[in-house]
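Notes for the one structure printed next.
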Amino acid sequence: MARINAYSLALLLFCYVLSGAAEAAYNVAGFGAKPDGRTDSSGAFASAWSAACRSREPATVHVPNGHFLLSRAAFTGPCSSRVTLQVDGTLVAPSGYTSGGDDGRIVFDHVDDLTISAPSTAAARRCGRARLPVTAGAPVEQQ
């Protein structure tokens with residue numbers, strides 16, 4: 001049986017600690033979002049975004065599996081660091097919503113370093129994952 005010396009064990013522990021501290025994660029469910037498709041989760045999304053946006057280290061806002069009703073969501077910056085919006089669930093619009101007009105239901109404003117990753121988009125079905133970089137003032141478009 002191989003012996004592990006104290007130096008190797010300390011190095012392994014150090015690498016493990018560094019790998020876990022690289023990015024802050026904010027799960028919208030932890031902020032009160034309900035994955036039932038009926039309860040408006042806009043406030044929970046706003047709270048999770050605000051916490052991630054204030055983070056000094058890169059942060060991820062995670063939307064877990066489930067259906068999350070969003071009546072309206074405004075994600076505003078500037079943020080202190082890079083933010084990733086990881087959408088594994090489904091964002092649901094209120095019943096009767098039409099896409100007419102320019103008052104978008106989900107708005108990103110003054111956010112410079114954002115990645116949106118959503119495996120349920122059409123492109124993600126073909127390629128595995130969609131990664132959409134967004135710059136200030138630029139619309140988010142799926143290609």
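The figures follow:
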quantity	calculated
Region 47-68: number of residues that are of a type outside the set (Gly, Ala, Ser), surrounded by fewer than 20 Cβ atoms within 10 Å (Cβ to Cβ) and over 13 Å from the mean Cα position of the chain (by Cα)	4
Within region 72-105, considering residues that are modelled with pLDDT under 90 and in contact with a Lys or Arg (Cβ under 8 Å, 6 or more places away or on another chain), the one farthest from residue 33 (Cα to Cα)	97
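The values are calculated or read from the model by the stated rules, or taken from the named source; none is laboratory data. Since we're looking at a predicted model, the values are computed, not measured. All Cβ positions, even for glycine, are placed from backbone atoms using ideal geometry, and neighbour counts span all protein chains on display.
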